[in-house]
Amino acid sequence: MSAREGQDARPAKEPRAAARPAVCARFDDLGLDDPARTYRLGIMGGTFDPVHIGHLACAEQARDELGLDGVVFIPAGVPVYKKDQRVTPAAQRLEMCRLAVAGNPAFDVSSIEVDRAGDTYTVDTLRQLRAHYPGNVELWFITGADAVGSIVKWRDSAQIAHLAKLVAVTRPGWPISEETRHALRERSDFQVTFLEVTGMAVSSSDLRARVAAGRTIRYLTKGSVIRYIESHRLYRNDEREGEGA
Ligand code: NAP
C-alpha cells in the first residue's frame, strides 16, 4: 500500500502531534477538515539567499491565481546545483524566510529540507509531503522557470511529475526560453502552469551584490530581513573574502 493510500484511510479529524510540526505548524492539518474537499498547498522551493519581495509577491500571486489554501516556503538545505558556489548557511536562510512570512496567515515556512541530511533533492521533499498529507491535498511546487526547465535532469524527475503540479515563475522581460519550453514539451507527464510575476524583477543575486557594494536594499525585502542581514553581516565583501568564484 502506498503512503498516499495509507493517509487516505486516516479518520478525518485525527489530531496530529502537537510538539514539533511534521511540515509546518500552520498547515500540518491541511485536508483534515473536509475529506470531501480538494485542498491545494503551494510549495515555494528555492535557495532564498536571501528571500525578497519578489518571492513574497510570487507566493501571493500564485495563491490568488491558483486558489491555493496556503503556501509553505521550503528553503533548500544543500542545493545540489550550487556546490561550487558560496551559499549562506541553511539555518540563516530559513530564519530569514520565517521573518519574511511572519504575520501572513496564508504563508508558513518548513525546515524539512534543512533538517534532512545530505544533498537536497526535490523528489525527497515531495515524497515526504505526499506521505504526510491525505490524498485530498494537491501539491503545487512553485519555483523559477529556469529551475523548472532543468527539472528533466533532476533526480527521479518522472516521480516528481506524479507527486506535484509545477508552477514556473518568470520575471517580466524574461520570457521562457525556447530550450526550456522544448524540454518541458518533451515531457508531457509534467503539468506546468507558467506565472509571470511583476515583483520578480528583484533577484537574490541583485540583493547580495547591493549589500556587498554597500548600497541600499530597503523595500526590496522585508525590514526584519534587512535587520537580520545587517546584524549577521551577511553578503558583505569581508564575508565573501576567500570565496573561490
Ligand atoms: P536558482 O537556480 O537559484 O533559481 C533559478 C531562478 O528561479 C532564479 O532566477 C531565482 O530567483 C528563481 N527562483 C528561485 N526560487 C523561486 C521561487 N520559489 N519562486 C520564484 N522564483 C524563484 O534555483 P534554486 O533556488 O537553487 O532551486 C529552486 C528549487 O528547485 C529549489 O527548491 C531546489 O531544491 C530545486 N532543485 C532541485 C533539484 C533536484 O532535485 N535535483 C535541482 C535543482 C533545483 P532568485 O535568485 O531571486 O530566487
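Quick note: the coordinates plus some simple rules give every number you see, no bench work behind them. Everything numeric here is computed off the predicted structure, so don't read it as measured data. Virtual Cβ from ideal backbone geometry, glycine too; neighbours counted across all protein chains shown.
Normalised by the number of residues in region 89-228, the mean separation of alpha-carbon contacts (under 8 Å, six or more apart) gives a relative contact order of 22 percent.
Taken as entire DSSP H runs, the helices of the chain that both span 18 Å or more between Cα atoms along their own long axis and average -1.0 or more on the Kyte-Doolittle scale are 53-66. Antiparallel beta bridges, as assigned by DSSP with both residues in the chain, represent about 0 percent of the total such bridges.
Model label points for Gln85 and Asp33, set 7 angstrom from Cα along the Cα-to-Cβ axis, are 3.8 nm apart. The charge dipole of the chain, taken about its Cα centre with unit charges on the Cβ atoms of Lys, Arg (+1), Asp and Glu (-1) only, comes to about 420 debye. The relative contact order of the chain comes to 24 percent, based on Cα pairs under 8 Å that sit 6 or more residues apart.
The modelled label-to-label distance for the pair Glu186/Ser205, using points 7 Å beyond Cα in the direction of Cβ, is 2.3 nm.
Over every Cα atom in the chain, the radius of gyration and the widest Cα-Cα span, Dmax, amount to 18.1, 56 Å.
Each label was represented as a point 7 Å from its Cα along the Cα-to-Cβ direction; for His232 and His162 these points are 3.8 nm apart. Under a 5 Å amide H cut-off, with hydrogens placed 1.01 Å from N, Tyr39 pairs with Val137, Glu138 among residues at least 5 apart or on other chains.
Summarising the strand pairing of region 38-141, around 0 percent of its internal DSSP beta bridges are antiparallel. Using only the Cα atoms of region 56-142, build the gyration tensor, take square roots of its eigenvalues as a ≥ b ≥ c, and label the shape rounded, prolate or oblate: rounded if a/c is under 1.5, else prolate if a/b is larger than b/c, else oblate. Note, shape of region 56-142 comes out oblate. For Gly77, the residues whose amide H sits under 5 Å from its own are Val114, ignoring neighbours fewer than 5 places away on the same chain, with H placed 1.01 Å from N. Go ahead and collect, in residue order, the members of region 203-226 whose backbone nitrogen is under 11 Å from a label point 7 Å along the Cα-Cβ direction of Ala102. Of the residues in region 203-226, 223-226 have backbone N under 11 Å from the label point off Ala102.
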